Amino acid sequence: MTEANLAPAAKAPARLQAVRGMNDVLPDEAALWERFEGAVRRVLDLYGYRNVRAPVVEPTPLFVRAIGAATDVVEKEMYTFEDKLSGESLTLRPEATAGIVRAAIEHNLCYERGQRVWLTGPMFRHERPQKGRYRQFHQVDVEALGFPGPDVDAEQMVLLARLWRELGLADGIRLTINSIGDPAERRAHRAALIAYFERHEDALDADARRRLHANPLRILDSKNEAMREVIDGAPKLLDRLGPASRAHFDGLTALLDEAGLRFEVDPRLVRGLDYYNRTVFEFVTDRLGAQGTVAGGGRYDGLFEQLGGRPTPACGFAIGVERMVLMLKDAGRDAGRAPLAYVVHAGAAAAPLARRVAEMLRDAGHAVVLNAAGGSFKSQMKRADASGARFALVIGDDEAARGVVGVKPLREGGDQLALAAGELAPWLAAHARAGGG
């Protein structure tokens, strides 16, 4: 036995897995993502919103200044690192609004007129992964920049209601709104909240005590049921609004009534980021357990100045894509991505015709899968059935010699028939329409 035979076998490398909370989206689920994203694009087009793209990595001070140093996002959740070459502190974006506003300032986007824009992509927050909530998550972010009145606030809520109808999910989602006033009103309210909660400090949990002097508004958003009674008794910012904020909120509710959009006023709704003022809103559902918010946003009229730009009113919202996909799954929505036809073929003469037929049908706009794994007709027909295709197109050397293709219905039943290759595209088009394909 040689020395090589005596050497121990090489150890197989360990399998690598995705980082916890950063999930793969596989083809079956990705089809639902595409369905959702297609509906989003159609609805946003109807309202004149245009797509923008912003970097995933931004300077850390952008988020500290925009979101607020005392928020959970900045204190505990951001993925922040030092650039090895420049030494600059960089952060994977935890939300999109700050980056869009930075881009609007940098490129003078609102110099001549207001802009309606949107983006979609991944966001990153280091928090405990749970159903519908991940460390890498995806949002659709929609912003109206340069519009001061309540009209655009109402427009965005009406837009979202249209999207829920488009997706067939309207019955399971409800709208809640509130006003958190302007900065001076919040400062006065902050003092009243601190005084109130100090009198009830024994009833506060550790998180609320930590926030008491740093960000008491966030106590109102606590999900701790043991604190519900003391929170419900807290002073309400809605009762302290000045004339301008009150007029804005009354204008919003009137516009929502005019649009026939049902809503609830929730004085505890404050949202989690410091840049909001006046209008805040959420669309919530009971279908996802504790993580019930599927879309939320509000007005942020001071953010442009806060980031070095000129005063620019703005309003926007974000939709959680993973949560919407969960709702589509739970509602049994079909992604509708099966091909119309699957081409099975065997034989030296059949292969060129099969390739030619597949491309000809694709030229006509039909989704066609061409078998590329070989195998018998029986095994290929199993693959055709598993693909979800409505028709199997069967080509052997005999069909190739006659210039015809066998067409076998896979869903409706019926006998196989033979069609000339040139007749396939119009025949499939007619039957696709008849069958709703």
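The values are calculated or read from the model by the stated rules, or taken from the named source; none is laboratory data. All of these numbers come straight from a predicted model, not from anything done at the bench. When we count neighbours, we look across all protein chains shown, and the Cβ atoms used for this are built from the backbone with ideal geometry, even at glycine.
The figures follow:
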{"item": "Some residue of the stretch 283-293 being surrounded by 15 or more Cβ atoms within 10 Å (Cβ to Cβ), in a strand (DSSP E or B) and in contact (Cβ under 8 Å) with a residue 60 or more places away in the chain", "result": "yes"}
{"item": "Pair list, Cβ < 8 Å and 6+ apart or interchain, from the stretch 411-422 residues that are in the same structural domain as residue 395 (by TED's automatic domain parsing) to residues that are part of a helix (DSSP H, G or I) and surrounded by fewer than 12 Cβ atoms within 10 Å (Cβ to Cβ)", "result": "418/402"}
{"item": "One residue from 154, 161, 170 being under 15 Å from residue 324 (Cβ atoms) and in contact with a Leu (Cβ under 7 Å, 6 or more places away or on another chain)", "result": "161"}
{"item": "So residue 312, is it in a loop (DSSP other than H, G, I, E, B) and in contact with a helix residue (DSSP H, G or I) (Cβ under 9 Å, 6 or more places away or on another chain)", "result": "yes"}
{"item": "In the stretch 275-307, the residues that are on the phi > 0 side of the Ramachandran plot and of a type in the set (A, V, I, L, M, F, W, C)", "result": "none"}
{"item": "Residue 140 vs. criteria crowded, with 17+ Cβ neighbours inside 10 Å and either out of contact with any Leu (no Cβ under 6 Å at 6 or more places or on another chain) or not assigned by TED's automatic domain parsing to the domain that holds residue 326 (or both)", "result": "yes"}
{"item": "Residue match in the stretch 113-128 (condition: among the basic types (Lys, Arg), out of contact with any Asp or Glu (no Cβ under 7 Å at 6 or more places or on another chain) and more than 21 Å from residue 324 (Cα to Cα))", "result": "yes"}
{"item": "Helices (runs of 4 or more DSSP H) within the stretch 92-210 that include 1 or more residues at pLDDT below 90 and acidic (Asp, Glu)", "result": "183-199"}
{"item": "Which numbered condition residue 339 misses (of (1) under 42 Å from the mean Cα position of the chain (by Cα); (2) crowded, with 20+ Cβ neighbours inside 10 Å; (3) of a type outside the set (Lys, Arg); (4) within 16 Å of residue 425 (Cβ to Cβ))", "result": "(2)"}
{"item": "The stretch 71-91, subset in a loop (DSSP other than H, G, I, E, B) and either surrounded by 14 or more Cβ atoms within 10 Å (Cβ to Cβ) or not aliphatic (A, V, I, L, M) (or both), residue nearest to the chain's Cα centre (by Cα)", "result": "78"}
{"item": "Qualifying residue in the stretch 299-307 (condition: in a loop (DSSP other than H, G, I, E, B), in the same structural domain as residue 104 (by TED's automatic domain parsing) and touching a Leu at 6+ places or on another chain (Cβ under 8 Å))", "result": "yes"}
{"item": "Filter result for residue 249 (of a type outside the set (A, V, I, L, M), surrounded by 17 or more Cβ atoms within 10 Å (Cβ to Cβ), under 24 Å from residue 170 (Cβ atoms) and touching a residue at least 12 places away in the same chain (Cβ under 8 Å))", "result": "no"}
{"item": "Selected residue [buried (at least 20 other Cβ atoms within 10 Å of the Cβ), within 27 Å of residue 38 (Cβ to Cβ) and of a type outside the set (A, V, I, L, M, F, W, C)] from 114, 121, 99", "result": "99"}
{"item": "Test result for residue 134, touching a residue at least 12 places away in the same chain (Cβ under 8 Å) and among the hydroxyl-bearing types (Ser, Thr, Tyr)", "result": "yes"}
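Here is a yes/no grid of residues against (1) under 31 Å from the mean Cα position of the chain (by Cα); (2) loosely packed, with under 15 Cβ neighbours inside 10 Å; (3) in a loop (DSSP other than H, G, I, E, B); (4) assigned by TED's automatic domain parsing to the domain that holds residue 65:
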site	(1), (2), (3), (4)
223	yes, yes, yes, no
227	no, no, no, no
254	yes, yes, no, yes
274	yes, no, yes, yes
280	yes, no, no, yes
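So that you can scan it fast, the table gives a plain yes or no per residue for (1) out of contact with any Lys or Arg (no Cβ under 7 Å at 6 or more places or on another chain); (2) touching a residue at least 24 places away in the same chain (Cβ under 8 Å); (3) outside any loop (DSSP other than H, G, I, E, B); (4) closer than 30 Å to residue 211 by Cα:
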site: 12; (1), (2), (3), (4): yes, no, no, no
site: 15; (1), (2), (3), (4): yes, no, no, no
site: 19; (1), (2), (3), (4): yes, yes, no, no
site: 33; (1), (2), (3), (4): yes, yes, yes, no
site: 43; (1), (2), (3), (4): no, yes, yes, no
site: 54; (1), (2), (3), (4): yes, yes, no, no
site: 69; (1), (2), (3), (4): yes, no, no, yes
